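Below you'll find the structure, written out as structure tokens, and then a few comments.
What follows is calculated from the coordinates using simple rules that are stated; it is not laboratory data. Keep in mind it's a predicted model, so treat the numbers as computed, not measured. No Cβ is skipped: glycine too gets one built from the backbone with ideal geometry, and neighbour counts run over all protein chains shown.
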Amino acid sequence: MKINTLLHITKVFLAAVLFTTSSYAQDFSAARTPANEDLGSVVVEQQDDYSLSYKKRRSRHGALFSLGFEKFYPLDYRSLYNDSYTYIEDIIGEEPLDLVGAELGYKLNLALISMAFLGSYSSGGILGAVGASERSLKINRTGLSVNFALDALFEEPWVVPYAQVGAHQLSIRETNGATNDSKSATAAVAVNYRYGLLLQLDWLENAFDKSAQADRLRSSGLENTYVDFYIAEHLASAKAIDPGKITNIGDPNLRSSGELGLGLKMEF
């Protein structure tokens, strides 16, 4: 009886020791793991869903790049040479120049519209004549503008109306074929306006290949491709000559109105 009692007491003692040691080990392990100790981290990244509509997948920020050309006819331009009675219609008739250029900028996406800040450069020339001698014009234009586009009215931006206002600077070089020399002038900064429509081309791509959209979004981040149709207005600079006053001196008057433009615009 005494032996059984002794065995029973020994078992209880050993169980108590094991329980106490286990609890102490757990407490010691917890004590050696402070909250700020670097134990490594697991980062879970949510994969982009390229099947979503443009309105649902577009982010806050983007970029725009476009190439295009537009007609340009300086209505009140007067020759830089001393023949002060020579105007634009006397040099090139009624045929406008073609300005070819590029535009690049940052795009901020809002709830229903977007706002873009753009920089551009364009250049073009045309050959004309004054009397029996050739006369050519070369025009360069640099500018900064702000664009407002309604590109989130629908799930996909099939048609996007927009308005744009900017500041530009035009320079012109006129070359006289008879004397083989040229004169140049640069007008002060002036204001321009543009009104247009963007027509999305992505539906054509999707009609032939359903996976094309996901592939280009994954590889290049190209969100949309548009054909850009617009009308442009260029105001004369504040220092421009008055075309009705022959003795007036100032910037070349490079005002234009109702010029048609066509471009290819890409959104990233």
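Overview of results
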item: Single residue of the range 89-100 satisfying the filter (closer than 25 Å to residue 145 by Cβ and in contact with a Ser or Thr (Cβ under 9 Å, 6 or more places away or on another chain)) that is surrounded by the fewest Cβ atoms within 10 Å (Cβ to Cβ); result: 100
item: Complete set of residues in the range 159-188 that are exposed (fewer than 14 other Cβ atoms within 10 Å of the Cβ) and in a loop (DSSP other than H, G, I, E, B); result: 178, 179, 180, 188
item: Breaking point among (1) under 29 Å from the mean Cα position of the chain (by Cα); (2) under 20 Å from residue 233 (Cβ atoms); (3) not charged (D, E, K, R), for residue 63; result: (2)
item: Matching entry among 77, 81, 85 (being of a type outside the set (Val, Ile, Thr), farther than 30 Å from residue 61 by Cα and crowded, with 17+ Cβ neighbours inside 10 Å); result: 77
item: Failed condition for residue 94, given (1) in a loop (DSSP other than H, G, I, E, B); (2) closer than 19 Å to residue 227 by Cβ; result: (2)
item: Residue among 202, 251, 228 that alone is within 30 Å of residue 134 (Cα to Cα) and charged (D, E, K, R); result: 251
item: Residue in the range 104-117 that is aliphatic (A, V, I, L, M), closer than 24 Å to residue 180 by Cα and surrounded by 14 or more Cβ atoms within 10 Å (Cβ to Cβ) present; result: no
